[in-house]
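To start, the structure under review is shown below, and the notes come after it.
Any read-out appearing in this document is the output of simple, stated calculations on the displayed coordinates, not a laboratory observation. Note that the coordinates shown come from a computational prediction; the quantities given were computed from them, not determined experimentally. Ideal geometry is used to build each Cβ from the backbone, glycine not excepted, and the neighbour counts take in all protein chains shown.
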Amino acid sequence: MGKDLITLEHISKSYDGQLILDDLNLSIYENSFVTLLGPSGCGKTTTLRIIGGFETPDKGRVIFDGKDITNLSPNKRQLNTVFQKYALFTHMTVAENIAFGLKIKNKSDSYIKDKIKYALKLVNLEGYENRSPESLSGGQQQRIAIARAIVNEPKVLLLDEPLGALDLKMRQDMQYELKRLKEELGITFIYVTHDQEEALTMSDHIVVMNQGYIQQEGSPEKIYNEPENAFVADFIGDSNIIRSTMIRDELVEILGAKFACVDKGFGENKPVDVVIRPEDIELVSPENGTLKGVVTDLTFKGVHYEMDVEVGGRELLVHSTKLSPVGTHVGINVDPYNIQIMNVPESEDEEAISETI
Amino acid sequence: MKLFKNKNTAPLLSSPYMAWALIFILVPLGMVIYYGFTTEDGFFTFENIATIAKPGYMKALIRSIRLALISTLVCLLLAYPLGMILSSMKLTRNTYIVTLFILPMWMNFLLRTLTWMTLLEGKGVINTVLESLHLPTINIINTPAAIVLGMVYNFLPFMILPIYNSLSKIDENVINAARDLGADSLQTFLKITFPLSLPGVLSGITMVFIPALTTFAISSMLGGSKILLIGNIIEQEFTQLYDWHLGSGLSIVLMIFIFINMIIEALSGNQGGK
C-alpha cells in the first residue's frame, strides 16, 4: 500500500488503575483510510487521542514519519483532528473558525482568504463565511470542522466518531463525502467509529478492537468474509456462530450434518467455531436441504426478510428475499465458500489477544 | 404537571408572587421615583437629583465608584484562576471546594463583617498575634483598604460562581481543537478560553460591582464614620435627617449607574457566544 506514516509501538495506557490499551502495535500507511472499529470502551478513542497528542501513553512510542513524537504537544504535530461534537469556536464566525490555525501560523491575509474559499468549496458550503456556527445544522457544523482542520494541510486527519451526532440520512451522505474528500486531498484519514457499516463503507483498512486489544485488521472484505474470531464475526454485521466439529480438511460437521468447506489445517475431529452470515444461508425444500428446520419468526426489513429458523433446538438467523411464512418446514444449504472456520478460544483471554495470525 | 402548563391556571399560580412583586418591589420603586422628583410641598423638581453635583456628595459618589471598581478587580483576579482550577478538576472533588467557598454565605453578612472589625481593630486579634510575635502591627481599620477587604471577602463568591460556571461549560474538545490547530497554551487562553468565559466574567462583575457600589453596612463598620460612601449618605438622609426626597433623588442617581452596568452586560453578553 505504501510506506508507514504512523507506527504505534507497544503502547499501554491505563486510567485509575484500569487498563485501556495493552501493548498495542499498529502501523498506518500513507494515503490510506484507516478505521479503528470497536464497541465503546475498547480503546479506539484513546488510541486516536494518543496519536493526536491529547494523551500520553504510559508505555510505548508513537513514531510519525520516522520521528518519535510520543511526548510532543498537540500544537506541534503535523496532524489535525475532527472532534466528535464538532468543537467549533462558537464566539467566532465560520471564516474565523477556518482561519484559526492559519492565523496562528502567521499566514498572509490573502493566503488565508484563498484557503477559506477553497475549504468551503471543498465541503460544499460556499458563501457561509460570515455565519455563526450555531446557526448551522449538525451536518454543516461537521463540514466546517473538517474545513477548519484541512486548511492546515495536515499529513493525517484524525476523525473521532464525526458522524455520531447526525441522523441516518445525513450520516450516509457524509460517508460518501468523506470518501471523496480523502481522494481529493490525498492524505491519510484515521477514523474512529463503533458503526460497522460506516467502517465497511469508507475504509481501505479496518482495525477491529476490543478490550484494549486489536482483534483483527485487514481490508473491509477480509474482515467481513473471514473474521478470525467470534468477536469480530459478531461485531461486524449479523452472523450465526455455531460450535461445530472439523472432521478433516474441507469437511465440517455443523448441527449434526456434514458440510463441505474450503478451510484446511484445523486437524481432524477438532472443535471449531463456524461463522455463517445470515444472507449466505440458502433455504430450499426440506428434501433438498443438508439440514432441516422450521421457520419460527419472520420480519420484513425492506430489502429482505429476516427469519429465525430452528434447527435441532438452535435458532439460525437467515436473510432472504424470498418469503417463507412462520411454520414452514425448510431445508438449509450453505455454499462451501461461505463457511468460515475459526479456532475455538481456550479462554476468554486468548479471545482478546488472538489478533495476529 | 399539566396544571402548571395550563393557560388558565398559570396566572392563578403566579398571583402570589405577582402580589409580592407589586407590594414590595413596584410600589416602593414608584415611591422612590415620586419622592426623588418632588419637593416637600409636592412640587416637581430636579433639585434632589442635582444635589449629587455638590462637592461632598460628588466626592462620596466618586469614592464609592473607585472602591467598588477596585473590589471588583481584586475579586476578578482572585476568582478567575480559582475558576480555572475548579473547572479542570474532577466533579466529585470540586463540589467540596465550591461548597467551601460558598460556606461563608450561610452565615449572616453583618456578622461576618463584624468579625472582620474585631479582627482588624487596633488591639484586635490580628494585631495581638503580631505583637506577641514581635512583628510590626497593621493599622488598616477605618481606611479604604479595610472597606475593600470587607467587600472582597463578602462578594467574592458572587464572582467565583458565574466564572466557574461558564468555564466548566466549555467543551474540553474546544480547547483541544485550539491546541490541535497549533495554538500554544497562552494563545488558547487568550483566543478561546477567555472569550468563551466572558459571559460569566461579566455577570460576576455585575454581581460584585452593584452591591459594592451601594453598600453602606461594610463601609460604616470597617470604615468608621470617617469614610462616607454614597450608600452611607443615602442611609443618613433616610434614617437620621429624615429627608426622603433627597435620599430618593440620590438613590435614583445610583440606579442610573446600575442600569448602565446592566446594559453593558446585556450588550456584550449578546456578542459573546451563548
With springs only between Cα atoms under 10 Å apart, run a GNM on chain A and tell me which of A:52, A:313, A:101 wobbles the most. A:313
When N counts the residues of segment B:149-245, how does its alpha-carbon radius of gyration compare numerically with 2.2 N^0.38 Å, as a ratio? 1.62
How far is it, in nm, from the label point at residue A:93 to the one at residue A:296 when both lie 7 Å from their Cα along the line to the Cβ? 6.4
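Which whole-number percentage describes the relative contact order of segment B:156-220, with Cα contacts under 8 Å and a sequence gap of 6 or more?
52
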Along the three principal axes, how long is segment A:49-200 when you take its alpha carbons, biggest first, rounded to the nearest angstrom? 46, 41, 29
Share of antiparallel DSSP beta bridges in the protein assembly as shown, in percent to the nearest 5? 75
With +1 on the Cβ of every Lys and Arg and -1 on the Cβ of every Asp and Glu, and nothing else charged, how large is the dipole of segment B:142-274 about its Cα centre, in debye rounded to the nearest 20? 140
What dipole magnitude, in Debye to the nearest 20, does chain B give about its Cα centre under +1 on Lys/Arg Cβ and -1 on Asp/Glu Cβ? 720
Note on segment A:73-214: contact order normalised by length, alpha-carbon pairs under 8 Å, 6 or more apart, percent, works out to 30
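Below 8 Å, C-alpha to C-alpha, sequence gap of six or more: please give me the relative contact order for segment A:198-299 in percent.
Computed value for segment A:198-299: 18 percent relative contact order.
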How large is ³J(HN,Hα) for each residue in segment A:230-237, as worked out from phi by the Karplus curve 6.51 cos²θ - 1.76 cosθ + 1.60 (θ = phi - 60°), to whole Hz, x for Gly and Pro? 5, 4, 4, 4, 6, 6, 8, x
Entries in A:67/A:113; A:105/A:182; A:44/A:115 that, when Cα-Cα distance is taken, lie over 27 Å: A:67/A:113; A:44/A:115
Could you tell me the ratio Rg/Rh of chain B? Both radii from Cα atoms, Rh via Kirkwood. 1.05
With T = 10 °C, eta = 1.306 mPa s and Kirkwood Rh from C-alpha pairs, the Stokes-Einstein D of the protein assembly as shown in µm²/s is about 51
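For segment A:153-235, take N as its residue count and report Rg(C-alpha) divided by 2.2 N^0.38 Å.
1.13
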Lysine-lysine proximity count for segment A:194-323, Cα under 18 Å, sequence distance 8 or more or distinct chains: 5
Based solely on its DSSP helices, what 222 nm [θ] is calculated for chain B when runs of n ≥ 4 H residues each add -39,500 (n - 2.57) and the sum is averaged over all residues, nearest 500 deg cm²/dmol? -23500 deg cm²/dmol
Name the shape class, rounded, prolate or oblate, that the alpha-carbon gyration tensor gives for segment B:20-120, where a ≥ b ≥ c are the square roots of its eigenvalues, rounded holds for a/c under 1.5, and otherwise prolate holds if a/b is larger than b/c and oblate otherwise. prolate
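How long are the semi-axes of the equivalent ellipsoid of segment A:140-285, defined as square roots of 5 times the Cα gyration tensor eigenvalues? Whole Å, largest first.
39, 16, 12
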May I ask which residue of B:201, B:249, B:49 lies farthest towards the positive end of the charge dipole of chain B, with charges of +1 (Lys, Arg) and -1 (Asp, Glu) on Cβ and the Cα centre as origin? B:201
Looking at chain B as a GNM with Cα springs under 10 Å, which of B:183, B:19, B:212 has the largest mean-square fluctuation? B:19
Could you let me know the centre-to-centre spacing of segment A:63-84 and segment A:128-144, using Cα atoms, in angstrom? 27
For the protein assembly as shown, with only Lys/Arg (+1) and Asp/Glu (-1) charged at the beta-carbon, what is the dipole magnitude about the Cα centre, in debye rounded to 20? 3300
Going by the alpha-carbon gyration tensor, a ≥ b ≥ c the square roots of its eigenvalues, is segment A:54-133 rounded (a/c under 1.5) or, if a/c is not under 1.5, prolate (a/b greater than b/c) versus oblate? prolate
How many angstrom lie between the Cα centre of segment B:18-91 and the Cα centre of segment A:96-119? 46
Considering all alpha-carbon pairs of segment A:122-166, what whole percent are spaced by more than 11 angstrom? 70
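Do the sum for chain A: with -39,500 (n - 2.57) for every DSSP H run of n ≥ 4, divided by all residues, what is the mean residue ellipticity at 222 nm, to the nearest 500 deg cm²/dmol?
-7500 deg cm²/dmol
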If a/c stays under 1.5 just call it rounded; otherwise compare a/b with b/c (prolate if a/b is bigger, oblate if not). Do that for segment A:210-308, with a ≥ b ≥ c from the square roots of the Cα gyration tensor eigenvalues. oblate
What fraction of the Cα pairs in chain A, stated in percent, has a spacing above 27 angstrom? 55
Other protein chain Cβ atoms within 10 Å, averaged over every residue that makes up A:51-63: 1
